[in-house]
Amino acid sequence: MSIFSANTLIAGALLCCLMPAGQAQEFDKPWQLQVMDLERRVRVEATIRLTDQKARSCMDGDWKRIVVDSKTAREEHFFPLDEALAYKVEHGRLTLGRTALCDGYLFMSGKLDDAAVQGDYYALGLGGGKNLGYFSLKKVR
């Protein structure tokens with residue numbers, strides 16, 4: 001193997017290792033979360049950070065911890081900001097919500113974008129699923 005090929009291989013391996021860390025650092029910035037009911041009325045609003053810390057979850061997957069920095073509109077019965085929250089990114093989709101209360105999951109899921117995510121808010125448990133509303137997540141600049 002030539003020196004050029006070995007150096008290229010080493011540089012490529014280093015870049016592969018550094019890319020997930022760079023992506024995690026980009027996530028650990030403030031995001032504005034709005035959770036809306038089926039009539040699209042904002043019921044919960046908060047500033048959150050998506051950290052790279054492993055989260056406790058009853059669900060399979062690589063769940064990471066969400067930190068709630070501030071709450072501006074809050075209906076705790078609609079979406080519990082005071083409970084442990086987590087997120088995961090899979091196949092270009094961001095899913096976040098309550099994962100530590102087994103079979104009492106509250107999830108939001110939408111296509112991941114650099115500056116915003118929009119999607120559905122739903123409950124999921126042993127009895128099936130139920131659409132509860134919508135959500136939006138926007139990066140705070």
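Can you list the equivalent-ellipsoid semi-axes of the stretch 28-139, largest first and in whole Å, using the square root of 5 times each Cα gyration tensor eigenvalue?
Semi-axes, largest first: 18, 17, 14 Å.
Between residue 126 and residue 28, what is the label-point separation in nm under the 7 Å Cα-to-beta-carbon projection?
Going by the 7 Å Cα→Cβ label model, 3.9 nm.
Taking a threshold of 21 Å on the Cα-Cα distance, which of the pairs 88/111; 71/111; 64/130; 29/64 fall above it?
Check vs 21 Å cut-off fails for 71/111; 64/130.
By the scheme Lys and Arg +1, Asp and Glu -1, what is the net charge of all other residues having a beta-carbon under 15 Å from that of residue 55?
So the surrounding residues net to +1.
Read the figures in this text as sums done on the coordinates, not as results from a lab. Quick caveat, the model's predicted, so the values are computed rather than measured. Please note: Cβ atoms are built from the backbone with ideal geometry, for glycine as well, and neighbour counts cover all protein chains shown.
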